[in-house]
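See structure below.
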Amino acid sequence: MTPPSRTLGLAFSDARDASYAAGVVVRADGTPDGFAFARCTVGGTDATDAAIDCWRALDREDVRHVACAGVAPAWFNLVDLDRLRETIDRPVYAVSYEASPGLEPALRDAFDGDALAARLDVYRSLPSRVAVDAPESSDPRFVRAVGIDPEEAAAAIRGLTRDGERRCEPLRLAALAASAHREAAATDAT
């Protein structure tokens, strides 16, 4: 599968009081083609809203896929992939980089009551992770896909990853932009 013509990469960079989201439209050749920024609460439940805010700010109908850097930015402020997919009407996938027994034990350690229940609802709605790379890979990547076959999402991720890089270009550039957004906000606050 060839990479989509345009992918929106979404990543977050956390500070103590807020998480800074960046959405970067990246062409299939790796060229950035648009930036948008938003904020969400560390430990809150508004990461999906921040992702949607980035999408709306860009107003780019030519985007074909949305790639998210994980599903639990900003201290378990979970991204609801189904809601994101329904809102933007594009295939959505989240990429992670570590083998894991899952987030449920960590969620139970960090939250209780309604806060735990809300996060468990979102977490349990997520599709299973599928390996992007061969099982013997020393740097594994995993994908959760909504609105696209997981194998097609994995192929898109491989097609958008430059040689020698672990992150695909939309997520690498979005992570850089989110960090710059966080740094700029910290400078503005002083």
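The values are calculated or read from the model by the stated rules, or taken from the named source; none is laboratory data. Please read these numbers as outputs of a predicted model, since none were measured by experiment. Ideal geometry is used to build each Cβ from the backbone, glycine not excepted, and the neighbour counts take in all protein chains shown. Remember, those area values only see protein heavy atoms, side chains included, never the ligands or the DNA or RNA. Shrake-Rupley method; radii C 1.70, N 1.55, O 1.52, S 1.80 Å.
What does the charge dipole of the range 97-151 about its Cα centre add up to, to the nearest 20 debye, if the Cβ of each Lys and Arg holds +1 and the Cβ of each Asp and Glu holds -1?
That gives a dipole near 140 debye.
Rounded to the nearest angstrom and ordered from largest down, what semi-axes does the equivalent ellipsoid of the range 1-125 get from its C-alpha gyration tensor (root of 5λ)?
Working: eigenvalues 136, 46, 33 Å².
Semi-axes from the Cα gyration tensor: 26, 15, 13 Å.
With +1 assigned to the C-beta of every Lys and Arg and -1 to the C-beta of every Asp and Glu, and no other charges, what is the dipole magnitude of the range 1-73 about the Cα centre in debye, to the nearest 20?
Here the range 1-73 has a charge dipole of around 120 debye.
I'd like to compare 76-82, 148-154: which one has the highest average count of other Cβ atoms within 10 Å, and what's the full order after that?
Descending mean neighbour count gives 76-82, 148-154.
Which of the listed residues, Phe142, Ala156, Gly70, is farthest toward the dipole's positive end in the chain, when Lys, Arg count +1 and Asp, Glu count -1 at the beta-carbon?
Ala156
Run the dipole for the chain about the Cα centre, Lys and Arg Cβ at +1, Asp and Glu Cβ at -1, nothing else charged, and hand back the magnitude in debye, nearest 20.
Roughly 200 debye, rounded to the nearest 20.
So what is the 222 nm mean residue ellipticity for the chain from helices alone, if each DSSP H run of at least 4 adds -39500 (n - 2.57) and you divide by all residues, rounding to the nearest 500 deg cm²/dmol?
-12000 deg cm²/dmol
Quick one, could you list the DSSP H helices from the chain stretching 20 Å or more along their long axis (Cα atoms) with average Kyte-Doolittle hydropathy of -0.5 or above?
169-189
Rounded, prolate or oblate: which fits the range 145-190 when a ≥ b ≥ c are the square roots of the eigenvalues of the alpha-carbon gyration tensor, with rounded for a/c under 1.5 and prolate only if a/b beats b/c?
Cα axes put the range 145-190 in the oblate bin.
Sorting check: for 157-164, 176-183, which peptide has the highest mean count of neighbouring beta carbons within 10 Å, and how do the rest follow?
Those peptides, ordered most packed to least, come out 176-183, 157-164.
Compute the projected area of the convex hull of the Cα atoms of the range 84-177, averaged over all viewing directions, and report it in nm² to one decimal place. Please report the intermediate quantities before stating the final value.
Working: hull surface 29.9 nm².
Computed as one quarter of the Cα hull surface, the answer is 7.5 nm².
Evaluate the Kirkwood expression for the hydrodynamic radius of the range 19-86, namely the inverse of the mean inverse distance over all pairs of different C-alpha atoms, and round to one decimal in Å.
One over the average 1/r among Cα pairs gives 12.3 Å for the range 19-86.
What share of the DSSP beta bridges in the chain is antiparallel, in percent to the nearest 5?
Counting only bridges with both partners in the chain, antiparallel ones make up about 75 percent.
With a 1.4 Å probe and every protein chain left in place, work out the accessible area per residue of the chain in Å², rounded to a whole number.
Per residue, the chain has an accessible area of 48 Å².
Using the charge dipole of the range 1-99 (Lys, Arg: +1 at Cβ; Asp, Glu: -1 at Cβ; taken about the Cα centre), state which of Ala38, Ser96, Thr2 has its Cα farthest towards the positive end.
The residue sitting farthest along the positive end of the dipole is Thr2.
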